[in-house]
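Novice: Below is the structure I would like to discuss, written out as structure tokens.
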Amino acid sequence: MAKKTMPSWLRMALSTVRFLRPKRTANGTGSNDLARRSSQTIHAPAVEADRRESATDSEITHLQSKEPHATSQDRRSSLMDAPVDIVSMIFDLLPLPSQACLALSCKPLYGLFGYILEDEDLAWPTLDTKHYKAPLVAPRPPRDELLLQLEDDRWRYCSGCLKLHPHGLFFPDRTSKCCMYEAGVIDLCSCLSLTFFDRMHIEGWLRAGTTDTLSPRLRQAFQLTVIKGRRHLLHKCSTADGIYASYDLEIMATIGESKHLEVQTRYHVHVADLKPIHLFAIDWRQLSWEKLDPPLLCPHNCMVAFVCGSDRERREHCGLCNTTARILACSESRLSMVVEVVRDLGGVSPMDRQLWNRSIRPALVAISQSWYEKYRGPGMSRHTLKA
């Protein structure tokens with residue numbers, strides 16, 4: 001069996017502790033003022049930290065010393081005996097994924113640093129949490145780095161679902177990071193995104209009317225309602241594109257006559273100005289690119305192009321993902337209108353799953369790139385956009 005190596009974040013922390021550990025004088029007193037001021041250690045914190053029910057059950061009481069000649073009294077890791085102030089200094093030096101790993105390593109450290117798990121960079125990636133970085137190519141997100149570091153003999157990172165799965169959900173003879181469903185993430189709106197497992201749980205909720213298998217995220221996002229004897233899941237939210245209009249959304253998910261999961265979204269569009277927007281005349285240097293957030297009818301069509309375009313240019317059906325869109329109502333001034341979008345997300349069989357895969361998130365990168373290239377100001381370099 002191959003010998004397990006010490007994680008990089010733990011090796012960095014221990015080396016920093018040895019560097020910051022107060023020097024001992026002849027009479028055994030410490031010469032480090034910071035360590036002398038703080039006599040509390042991780043095992044005896046000065047303030048009782050908040051305990052969360054979701055804290056990990058595995059508790060590492062002691063980390064064994066790697067020094068070969070250490071006595072039994074000195075085998076306890078210096079990290080667990082270090083003053084709280086010094087451990088906090090170490091924590092600040094670590095990158096975000098390593099900070100989360102350190103917080104999850106044991107209950108005392110979770111009590112001190114568990115708040116780092118609330119960082120928005122570690123949150124489930126919805127469209128609200130996306131970050132546009134010129135040239136729309138960013139390094140691996142901190143959340144992905146964290147999940148890769150948390151892989152072990154039981155859990156494995158899925159690059160399609162962006163979550164940890166048991167090893168049993170992966171093909172044993174493949175090296176792919178994607179689970180056996182080979183399905184990605186679908187964005188219903190700026191605040192709600194679904195994995196294929198979410199899709200199966202939602203279908204079970206619609207068929208049985210129970211929420212036993214639902215995650216708290218889905219249970220809070222949807223409200224179960226019955227319309228004409230059929231169960232529907234309702235979600236409401238609002239968004240804006242940053243330059244043109246604001247949108248109030250009503251999303252209803254149900255099992256259609258074809259036994260597929262169908263999502264109907266109604267956009268109540270409120271246009272900001274009577275005059276048409278000339279996108280090339282906008283001073284893009286005064287706009288932050290990450291604030292430019294046009295809603296998507298589907299991963300291949302933008303709401304702004306649908307609302308602003310002429311009747312001849314308006315695409316009411318997407319042949320790539322079988323999405324249909326139409327304007328239900330429009331005021332005389334065209335300041336307000338209602339747009340209905342119906343998306344067929346398919347079933348659970350391998351053939352039906354193709355509809356899901358046609359609507360997954362990777363197409364968002366292409367449409368964002370196209371939007372950027374088409375509507376940036378004349379002579380603008382993507383590197384001049386404010387991040």
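Novice: Does segment 325-346 hold any residues that are part of a strand (DSSP E or B) and either in contact (Cβ under 8 Å) with a residue 60 or more places away in the chain or surrounded by 15 or more Cβ atoms within 10 Å (Cβ to Cβ) (or both), and which are they?
Specialist: Ala325, Ile327, Leu328, Ser336, Met337, Val338, Val339, Glu340, Val341, Val342, Arg343, Asp344
Novice: Can you find, within segment 213-258, the residue that is nearest to Ser193 (Cα to Cα) among those that are assigned to a loop (DSSP other than H, G, I, E, B) and among the charged types (D, E, K, R)?
Specialist: Asp241
Novice: With respect to the numbered conditions (1) in contact with a strand residue (DSSP E or B) (Cβ under 7 Å, 6 or more places away or on another chain); (2) buried (at least 19 other Cβ atoms within 10 Å of the Cβ), which one is the sole condition not fulfilled by Cys161?
Specialist: Cys161 satisfies every listed condition except (1).
Novice: Any chance you could count how many residues in segment 174-212 are among the basic types (Lys, Arg) and in a strand (DSSP E or B)?
Specialist: 0
Novice: Restricted to segment 144-202, and to residues that are among the basic types (Lys, Arg) and in contact (Cβ under 8 Å) with a residue 24 or more places away in the chain, which residue is nearest to Val342 (Cα to Cα)?
Specialist: In this case the residue turns out to be Arg199.
Novice: Within segment 346-387, track down each residue that is closer than 26 Å to Ser246 by Cα and at pLDDT 50 or above.
Specialist: Listed by number, the residues that qualify are Ser359, Ile360, Arg361, Pro362.
Novice: Still on this structure, please answer the following. Among the numbered conditions (1) outside any loop (DSSP other than H, G, I, E, B); (2) within 16 Å of the chain's Cα centre (by Cα); (3) within 29 Å of Val269 (Cβ to Cβ), tell me where Leu146 comes up short.
Specialist: The one condition Leu146 does not meet is (3).
The values are calculated or read from the model by the stated rules, or taken from the named source; none is laboratory data. Given the structure is predicted, the values throughout are model-derived calculations rather than measurements. All Cβ positions, glycine included, derive from the backbone under ideal geometry; neighbour counts span all protein chains shown.
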